[in-house]
1. Can you tell me the 0 to 90 degree angle between the C-alpha axis of helix 77-87 and the longest principal axis of the chain, rounded to 10?
2. How far apart, in nm, are two points set 7 Å out from the Cα along the Cα-to-Cβ line at residue 20 and at residue 191?
3. Enter the angle in degrees (range 0 to 90, nearest 10) between the Cα long axis of helix 103-112 and the first principal axis of the Cα atoms of the chain, meaning the one along which they spread out most.
4. What's the FRET efficiency of residue 86 with residue 7 using the Cβ-Cβ distance as r and R₀ = 30 Å, to the nearest 0.05?
5. How far apart, in nm, are the 7 Å Cα→Cβ label points at residue 57 and residue 182?
6. Based on C-alpha coordinates, I'd like the Rg and Dmax of the chain, in Å.
7. Based on the Cβ-Cβ distance of residue 109 and residue 75, what FRET efficiency does E = 1/(1 + (r/R0)^6) give at R0 = 30 Å, to the nearest 0.05?
8. For the stretch 1-77, what does the alpha-carbon gyration tensor say about shape, rounded, prolate or oblate, given a ≥ b ≥ c as the root eigenvalues, a/c under 1.5 as rounded, and a/b over b/c as prolate?
């Protein structure tokens with residue numbers, strides 16, 4: 001059984017003029033535990049919506065999202081929140097760090113929604129991403145690349161089975177982007193977390209052995225991304 005199993009997933013949004021505009025229409029998509037897959041597509045084509053449906057941030061119009069055998073799409077909002085806190089790590093393009101909290105507090109706060117805050121583990125994660133000397137810094141005192149590193153540590157705080165990364169290099173310069181991508185992939189591998197990363201950056205996509213197109217997913221009869229980790 002794949003870690004992530006999606007069947008007949010559909011989501012539409014109503015346009016300002018009234019008609020419904022279909023954004024996601026995916027017959028099938030599978031992702032195995034520990035695998036790393038990039039999802040390609042231009043901005044505005046539904047990649048973020050797809051990730052939000054997987055994470056339970058949005059609910060589908062129809063279809064199913066199963067994570068580790070559990071039907072996310074059938075859960076109520078509190079249950080989806082609990083699942084997201086314990087089994088899914090989300091790396092946002094804009095980082096979404098809380099500006100009034102330090103690095104270590106941002107990571108510990110994420111833990112508080114799962115098994116409970118553990119300062120020792122939070123410190124260890126931040127040290128792992130190279131921020132051991134920045135534990136008590138606030139996000140505004142960090143470079144953009146350092147903020148992304150905090151976001152990576154936070155996403156891994158509760159030992160998720162699946163990490164979703166939404167254009168994680170989009171706000172970084174080329175050098176910082178390469179470092180962030182390598183860090184995300186390595187830390188996912190070390191924690192045996194599956195990674196689904198969306199990007200429209202050719203350099204990012206070229207680094208993955210398994211790349212899927214959102215357009216192909218929306219039209220293919222039986223697409224699958226069950227591909228082993230690529231180095």
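1. Tilt relative to the chain: about 60 degrees.
2. 3.6
3. Rounded to the nearest ten degrees, it is 50.
4. Values: r = 23 Å, r/R0 = 0.78.
E between residue 86 and residue 7, to the nearest 0.05, is 0.80.
5. 2.8
6. Considering the chain through its Cα atoms, Rg and Dmax are 17.2, 53 Å.
7. In this case the efficiency is close to 0.85.
8. Values: a/c = 2.33, a/b = 1.47, b/c = 1.58.
Judged from the Cα gyration tensor, the stretch 1-77 comes out oblate (a/c at least 1.5, b/c at or above a/b).
Read-outs throughout are calculated quantities, based only on the coordinates presented, and are distinct from any laboratory measurement. Here the structure is a predicted model, which is why all the values come from computation and not from measurement. Reconstructed Cβ throughout: ideal geometry from the backbone, glycine too, with neighbour counts over all protein chains shown.
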